[in-house]
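Read the structure below first, then the notes.
The values are calculated or read from the model by the stated rules, or taken from the named source; none is laboratory data. Nothing here was measured: the structure is a model prediction, and the numbers come from that model. Counting neighbours? That spans all protein chains shown, and the Cβs are built from the backbone with ideal geometry, glycine included. Keep in mind that these areas ignore ligands, DNA and RNA; they rest on the heavy atoms of the full protein, side chains included. Shrake-Rupley method; radii C 1.70, N 1.55, O 1.52, S 1.80 Å.
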Amino acid sequence: MRVLKKRRIVSIAEFSIHPSGTGTSVGRYVKRALKAISKIQGLEHQVTPMATILEAQDVHTILKAVEASHSALRSMGAKRISSILRIDERLDKPRTMRDKTKSVEN
């Protein structure tokens, strides 16, 4: 008999954050935001060239990552911060960001 590992239902989000008035290079701000979200328990993240993909068991954890990112940029002196957040909260089927990627690779 084969035992199946139960997969958890998760929320996946695409998140990007942009400080305004800081010049064209924002790498140091992105690094600080990533450092802040890496401390959040229960959150997985994957950096892409244009955004960061967030994965957590609930939307609350994703929103905590957004707040931590904004807080990190405020602590660096950013006077204006714009962010984009798109959340996929699928409740009918357990899957992860890795599952979603694999489904189009095969």
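Taking the listed residues Ile62, Ile84, the one that is loosely packed, with under 14 Cβ neighbours inside 10 Å, within 25 Å of Arg28 (Cα to Cα) and either out of contact with any helix residue (DSSP H, G or I) (no Cβ under 9 Å at 6 or more places or on another chain) or free of Cβ contacts under 8 Å to residues at least 40 places away in the same chain (or both) is Ile84, with no other qualifying.
None of Gly42, Gly77 is in a loop (DSSP other than H, G, I, E, B), of a type outside the set (A, V, I, L, M) and over 26 Å from Asp99 (Cβ atoms) except Gly77. Among residues of the stretch 87-101 that are aliphatic (A, V, I, L, M), those with a Cβ under 7 angstrom from a residue that is not in a helix (DSSP H, G or I), sequence gap 6+ or separate chain, pair up as Ile87/Ser11; Ile87/Ala13; Leu91/Ile9; Met97/Ile12; Met97/Gln46; Met97/Ile53; Met97/Glu55.
Only one entry in Thr22, Thr61 is of a type in the set (Ser, Thr, Tyr) and part of a helix (DSSP H, G or I), namely Thr61.
Taken over the stretch 13-31, residues that are closer than 25 Å to Asp88 by Cα and of a type outside the set (A, V, I, L, M) amount to 6. Being closer than 18 Å to Thr96 by Cβ and either open to solvent by 40 Å² or more (accessible area, probe 1.4 Å) or among the hydroxyl-bearing types (Ser, Thr, Tyr) (or both) is the requirement here; does Thr24 meet it? Here the answer is no, as Thr24 does not meet what is asked. Would you tally the residues in the stretch 45-59 being open to solvent by less than 60 Å² (accessible area, probe 1.4 Å) and either within 20 Å of Thr101 (Cβ to Cβ) or touching a Gly at 6+ places or on another chain (Cβ under 6 Å) (or both)? The total comes to 7.
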